[in-house]
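Everything on this sheet refers to the single structure shown next.
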Amino acid sequence: MKLSGPSLVPPTVKKIVVFLHGLGANGDDLISLADEFAPDLPDTAFYSPNAPFPCDMAPYGYQWFSLQQRVEEIMLAGIKTAAPILNTYLDDLLKEHNLKPKDLALVGFSQGTMMSLYVAPRRPERIAGVVGYAGALIAPELLQKEVASKPPICLIHGDADMVVPYEAMSSAEVALEYNQIPCESHTRPYLGHGIDGEGIDIARKFLKRRLYS
């Protein structure tokens, strides 16, 4: 199974940012962030693939895994099914542009953050970094045995989020730091399940540091 979706690719590509959307959305949901990031990330290609499976909770959109049963064991099984598909997609992009893992960053939202936080530390070579909006770290207890690389993580979460609890950010931060994975977290006051201007600015600065320093 091959992923596909919208992209913004300049003539010369030296860096790659991949957006991973949330449940019931598609690649179009996040690709507009490319316009916000591009001025500070020269020669960067932006990709926003559709998740591999049709959403089973709506008549439209896609999902990385089912959330009909929000039981960690079931969600983890779904993540493990989607992870090889995503890893193949990332490997193919790096090969296509003749770039190294250090030239790649992930930006996830909600379920896309869950995928990013699962996949990135398990990749054999460290990528540049991960921005995770409004997400959670699934099965943190597995990290100690399975971590293979330690990419810097930037977590951003609204404290009024009624979909993915705000407390998920601090839980993820504790687990990541316990496993010596660099992590910074940013609270967005009064923000629900979404991305605001300040959150975009935080991510842009983080990506610039990680991809170009």
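The values are calculated or read from the model by the stated rules, or taken from the named source; none is laboratory data. In this text, all values refer to a predicted model and were calculated from it rather than measured experimentally. No Cβ is skipped: glycine too gets one built from the backbone with ideal geometry, and neighbour counts run over all protein chains shown.
Restricted to the stretch 74-99, and to residues there that are over 20 Å from S7 (Cα atoms) and touching a strand residue (DSSP E or B) at 6+ places or on another chain (Cβ under 9 Å), the residue that is surrounded by the fewest Cβ atoms within 10 Å (Cβ to Cβ) is T81. Checking each residue in the stretch 148-178 for being part of a helix (DSSP H, G or I), touching a strand residue (DSSP E or B) at 6+ places or on another chain (Cβ under 8 Å), under 18 Å from P189 (Cβ atoms) and not aliphatic (A, V, I, L, M) picks out S170, E173. For the stretch 164-178, taking the residues that are of a type in the set (A, V, I, L, M) and out of contact with any helix residue (DSSP H, G or I) (no Cβ under 6 Å at 6 or more places or on another chain), the one that is surrounded by the most Cβ atoms within 10 Å (Cβ to Cβ) is identified as M169.
Scanning the stretch 29-84 for residues that are of a type in the set (D, E) and more than 15 Å from the chain's Cα centre (by Cα) gives D35, E36, D40, D43, D56, E72, E73. Selection of first residues in the stretch 52-74 that are within 18 Å of F109 (Cα to Cα) and of second residues that are aromatic (F, W, Y) and part of a loop (DSSP other than H, G, I, E, B), restricted to Cβ pairs under 8 Å at least 6 apart or on distinct chains, gives the following pairs, ordered by first then second residue: P52/W64; F53/W64; F53/F65. When the stretch 179-213 is filtered for residues that are in contact with a helix residue (DSSP H, G or I) (Cβ under 9 Å, 6 or more places away or on another chain) and either part of a strand (DSSP E or B) or of a type in the set (S, T, N, Q) (or both), the ones remaining, listed by number, are N179, C183, E184, S185, H186, T187, R188. Return yes when A136 is over 14 Å from the mean Cα position of the chain (by Cα) and modelled with pLDDT of 95 or more and no when it is not. Spelling it out, it is not the case that A136 is over 14 Å from the mean Cα position of the chain (by Cα) and modelled with pLDDT of 95 or more. Out of R188, R209, R204, one residue alone is surrounded by 20 or more Cβ atoms within 10 Å (Cβ to Cβ), of a type in the set (D, E, K, R) and modelled with pLDDT of 95 or more. It is R188. Kindly indicate whether any position in the stretch 102-109 is closer than 30 Å to A160 by Cα, crowded, with 24+ Cβ neighbours inside 10 Å and not hydrophobic (A, V, I, L, M, F, W, C). Yes, the stretch 102-109 has at least one match. When the stretch 40-73 is filtered for residues that are within 30 Å of R209 (Cβ to Cβ) and touching a Ser or Thr at 6+ places or on another chain (Cβ under 8 Å), the ones remaining, listed by number, are D43, A45, F46, Y47, S48, P49, N50. Listed by position, the helices (runs of 4 or more DSSP H) contained in the stretch 1-116 that have at least 1 residues being touching an Asp or Glu at 6+ places or on another chain (Cβ under 8 Å) and more than 21 Å from A134 (Cβ to Cβ) are 72-97.
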